[in-house]
Structures are given as structure tokens and as C-alpha cells.
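Structure, as C-alpha cells:
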Amino acid sequence: MIEHKIIFTGTTGAGKTTAIAAVSEVPPVNTDVRNTDESVAKAMTTAGMDYGELTLSGGDKLRLYGTPGQQRFDFMWQILGRGALGLVILVDNSRPQPLADLDLYVDGFARLIEDGACVIAVGRMQTHPQPDLSQYGAHLQSRNVLCPVIAVDVREPEQVVQLLDLLLLQLESKAGEAHP
Amino acid sequence: MDTLHRTERNRTELSFTLDGLGDREQTLFKSFVRLVDHRTMHHWTSVPAGGQLRVVGPQHPLAADKTSGNVLVLGGTAGARHQLPLPIHADALEAVLNDIGAWLADTAAPQHHDAPAGLDDQVMVRLTRWPTPELLTTRERIRLATLMTGRPMSLADASLRCGIRREECAAFAAALVRSGMLVTVGPAQAPRIPHTAPPAAGLIARIRSRLGLSPAFSGAAR
């Protein structure tokens, strides 16, 4: 059995656990504890990481890992990102500085973004439309990063699947470079 | 042809006129348009007459017109190009308004269904940034742009890989070039050597199958 992985990252409350749960064939395993951070309006928060999986034909596994969102766990990002197919960065547009949040993960996963695939999914845009997607695109251009940026509601499984569709498209495009 | 006005948020301003609808349907439609305004690619306002979009009921003479891109049939009817079934769903309204808005934008702008001047469809092109939402008006365009983020490619290759007609690829590329988001690259540009090996052949197809996604590449240029 060969194992493959896709990483979901983003700030606390951005929707990593929800996104993995939307597509995992098993109930996601997570290491939730009671949230003591009063600035985040949720009862539980992930102290370790989320895990979900999909079984592919032939028995191979596609493992879905949700990184802990807090920067103090960034050492785990390098470990989890090693050998991953791609990365989904979930951004919570209701936070005070979403673009600064984005920069944290763009920097933390720079190698994976360069070699693999990356899709940026911006949540809560219905209630918090700024910054808009055009600003995200311009910001990424200033960082010399080129990847899809879309608005998404991870509570909708279909939207999470569409996210992964774009991730796979990028991989296919890059694979076409390696295997013309 | 009406000029497409830009709002201060850089969204194109478009207008619609309700024609032959009852008071309840008019109020309902206007309310929903306001509700989805923050989601639509264009800013839609209601005008008493002469709107760029005519919203009609299923009994209206225009309802059976299969070709008009600027007619929306509220209540839906088989054969209409643009229709919105009742009850109105916000997602459906957003999608149809974006579709119609894109059509209006394309018909207002000079038509460049061929490759942009000086841009042969065999020439390699690359995105300079992720396109703005105004250009990503369809799911096909989002997928095509995503494909372009992976590596420089020709329009012919992009069309083949996405299964999108070359004319549609060319129209999208033309819009990107006009906006400065697509440039040509030299044919001698060496491919970047990645730090990691590419995914094994067949893996991505198996993941697609498991997720219920159709194959990315139809392999047929239309």
C-alpha cells in the first residue's frame, strides 16, 4: 500500500477540521481540547492535528492532514509537508489581517508550494468581503506566488471537492511539464 | 451599445429591467439581487426601462427565445437560454447573473475570438498573477486559469487539456492580455527542475475517481 497526503493549513477557526470532515471516508481523528482563547469564538480547538483519509483503487491511501493553526506549532508544518502532494491554505476573512495570516503559511510552506500544488481558499467572504479576491491575487503577485484563490464555504462538501479539483489540476499541469 | 460603467470597487455596473412581472415577483427578484450583490461579479441595479438585462416571466414572448443572451426568464421554461426557476435560490441567481454579466461584457468589448494580435495559439504563455474575479466568470475559466498556474503553456495545449474550445480559450486569453495578466514566454525557456518527483502516473486519476470528479482532460480539442 502506498500512502499519499494533502495538507490543510490555516489559522484557528479557518475551517481545517470541517474541510477534512467534508471529504474523509472516516470520521476525522483530531486532538481537540477546550478552547481557552477568548478571541476565537469556538468551544473546541485543535491542539495537535486533524486526520482524515480516502482509500483509492488499488488500496493506496490518500491521507488528509490538518496542521495546527498556531504558529508555535510551525515545526510540525515542515514535517507534515514533506512529501505531500499539495496544500490547501484556508484563510478566515473575518480576522483582522487575513493577508498577514496568508503570508505566514506561504512562508511556512514555501517549498511545498513551489514543488507541489497549492490552492488558497478564503472563507467568510459573505459577511466579510474585504479584502476581496482581487486583492489576494495582487498580494500573492507581490510575493511572487501564483496559485488559485477562491472563495469557499467549507461547510459545503461540494465546495471542498471543487477545491481539491483545482489542486489536482495544478498537479496535472506540473506533471505535464515533467512528462510532456 | 451601452458603456459598461465601473463602480468604485472596480466592478462593472449593469442594469436590469423587469418586464411583465407581478409586483410580488418584482419585489422578490430585486431583493435577491441585493442579497447576492456582494457575491456577484458585477453590480446590478434595477431601472424602469432600457436595462441591459430584461427579466421576464415564462409567458412573455421573449421567454421562448433560445438565443438572447440578455433575457432572463423568471420561473423558467424549457429552451430559454437563461432561466431562473422558482423559488429563487441565491446560488442559482448568482450563477446566472455572472453568466449574463460575462456575456454582456464580451458583447460590449471588441470581439477577439481569435488569438490576440501577435499571440499565436502555439506560443507559450504564462500568467503573471491569479486573474481578478471579473475575468473568472465561469467554472471553466477558473479551471483553465488553474491549469495555467502550473507551468507556461500554449493556448492550443490549454484547450486540449481542459477540453475547452479554442475560441473560448482565446477569448479568455485576450481578456487576460488586455488586463496585463498574461504574457508570452521565450520558447527556449528551460523547464524548472523541481525538488521532488512528480506524482506517479495514474495517481491523480485515481484520486479524481475517488472524489467523484470527472477526468481533467477530455483530450479532445473542440
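The values are calculated or read from the model by the stated rules, or taken from the named source; none is laboratory data. Worth saying up front: this structure is predicted, and the values here are computed from it rather than measured. Areas reflect the complete protein model, heavy atoms only, side chains present, ligands, DNA and RNA absent. Shrake-Rupley method; radii C 1.70, N 1.55, O 1.52, S 1.80 Å.
Quick rundown of the values:
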read-out: 1.4 Å probe accessible area per residue over region A:44-180, in Å²; value: 39
read-out: Alpha-carbon centroids, region A:53-88 and region A:141-177: separation in whole Å; value: 16
read-out: Residue-span extension gain [B:Ser31 to B:Leu86] - 0.36 nm each, minus C-alpha spacing; value: 18.4 nm
read-out: 222 nm mean residue ellipticity, helices alone, for chain A (DSSP H n ≥ 4; -39,500 (n - 2.57); rounded to 500); value: -11000 deg cm²/dmol
read-out: Pairwise burial B:A, computed as accessible area of each alone minus the pair, summed, 1.4 Å, Å²; value: 3900
